[in-house]
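We did not get these values from a lab; they are worked out from the coordinates using the rules stated. Keep in mind that what you see is a predicted model, and the values were worked out from it rather than measured. Note that we place each Cβ from the backbone using ideal geometry, even for glycine, and neighbour counts take in every protein chain shown.
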Amino acid sequence: MDFSLTVQTRITDWHFIKYLEDLGYDAAWIPDTQMMWSDCYATMALAAQNTSKIRLGTGVAIAGTRIAPTTAAAISSINALAPGRVFLGIGTGHTAMRVMGQDPIAINEFREYLRVVRAMLHGEETEYTYNGKTTSIVWQEHGDGFRNIETPIPIYVAANGPRALRTAGMYGDGLCSIFNEQIPVLDFNLNHVAEGAKIAKRSTQDFHTTTLTNAVILKAGERLQDDAVIERAGSWAVTALHFVYEIWRYTKDDNVVPEYMKSIWEEYSDHVANFPVPEEKSHQLIHEGHCSFYTPGEKKFVTPEMIEGTSLVGSPAEIAEKINLAGKHGLTEVSLLPPLANLREAAKDFAEQVIPLC
């Protein structure tokens, strides 16, 4: 099992990735979300120059905000700085696009995007369509040092729904999804990945599977209602709430609301309806604090059910047991996203208390 952190992309925090390397983490995922954090590739470049072992990847790159050749150029540039340590995590952009009031890229467009990126990272000439015009593109060579496509760059596709999961099997070398400790969800995901791989006549041998989650290590006597626990769990719990609400507001399908959210769903819907902005600007506030902190008005939504439903919770031994079970079902990496204020403590505690038991 590999272990990583998905970090809040703050360019001045590149040294935190070196800290993760020193703690023994296998990888750092650096997210791409233009309205919230620093540029992911600039941050990765600094981290690449100041580390030597830890794998570095986008967590995840957003297809809707950069054209495919630009993404291929960016990630292969980082690979020139850290050859063999770079991966491309990529998704349709659920949050990065929604925070601008825009829709994520459609799955059919995403598949074409991945086809082009994959071909370019393999050094192949490929057809590329831009603004309705299709041309043949190939890298222009100016000598050594501009990029590295000789050392493979695996593509890890972010996916949770059936079509996106099949897309991961068709074009990805791995999957990044959110399933927490729910083995049936992991099995569901991997079954759809296998379907996609079959369509593309690809093998899923050595397919890499990552879950994005948070770990809440309970200290002796702590309860899920305690403020200290809520602080460690809150940012990720409400991020899940934002994610589901965005799906629900566009589909109006109550089936997308998981059981652990149902007790607070009506109150949260009222919370969004009462934002102090016009409805057409609500996207500016829904994701406030995304993966970094929860807002004061959201604390009441960090219930015990929400904590258990979104995070790995328990003693170090209990968390390790859950991870080991998931490993038997095909999970190969756990990536944690702790709150910004608790980042170093969470990384250190997990590395010292949980990882040795896995």
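A compact table of results
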read-out	value
Semi-axes of the equivalent ellipsoid for the stretch 120-160, Cα gyration tensor, largest first, Å	21, 20, 8
Calculated [θ] (222 nm, deg cm²/dmol) that DSSP helices of n ≥ 4 give over the chain, each run adding -39,500 (n - 2.57)	-13000 deg cm²/dmol
Ordering of 108-120, 83-95 by packing [mean C-beta count within 10 Å, highest first]	83-95, 108-120
By average C-beta atoms within 10 angstrom, highest first, the peptides 228-241, 300-313	228-241, 300-313
Modelled FRET efficiency - R0 51 Å, Q182 with S136, Cβ distances, 0.05 increments	0.70
Estimated inter-spin distance, Y250 and T12, nm [label 7 Å along Cα→Cβ]	3.4 nm
Estimated inter-spin distance, H329 and V272, nm [label 7 Å along Cα→Cβ]	2.7 nm
Inter-label distance, nm, simple model (7 Å from Cα along the C-beta direction), Q205/K262	4.4 nm
Taking W248, W29 and counting other C-beta atoms within 10 Å, the order from fewest to most	W248, W29
Listed pairs K262/K300; K198/K322; K18/K348; K262/K328; K198/K328; K262/K322 exceeding 20 Å between Cα atoms	K198/K322; K262/K328; K198/K328; K262/K322
Gyration tensor (alpha-carbon) shape descriptor, the stretch 298-358, a/c threshold 1.5	oblate
Residue exposure sequence - M170, M35 - by fewest surrounding Cβ within 10 Å	M35, M170
Stokes-Einstein D for the stretch 229-282, Kirkwood Rh over Cα pairs, 4 °C, 1.567 mPa s (µm²/s)	107 µm²/s
Alpha-carbon spread of the chain, three principal axes, descending order, Å	61, 47, 40
Stretchable slack from Q284 to K300, in nm (0.36 nm times residue separation minus alpha-carbon distance)	3.7 nm
Cα-based reach from K281 at 21 Å (exclusive), listing lysines while leaving out same-chain residues under 8 positions away	K252
At least 30 Å along the helix axis (C-alpha) and Kyte average at least 0.0, DSSP helices within the chain	227-251
Kirkwood Rh and Cα Rg combined as Rg/Rh, the stretch 219-313	0.97
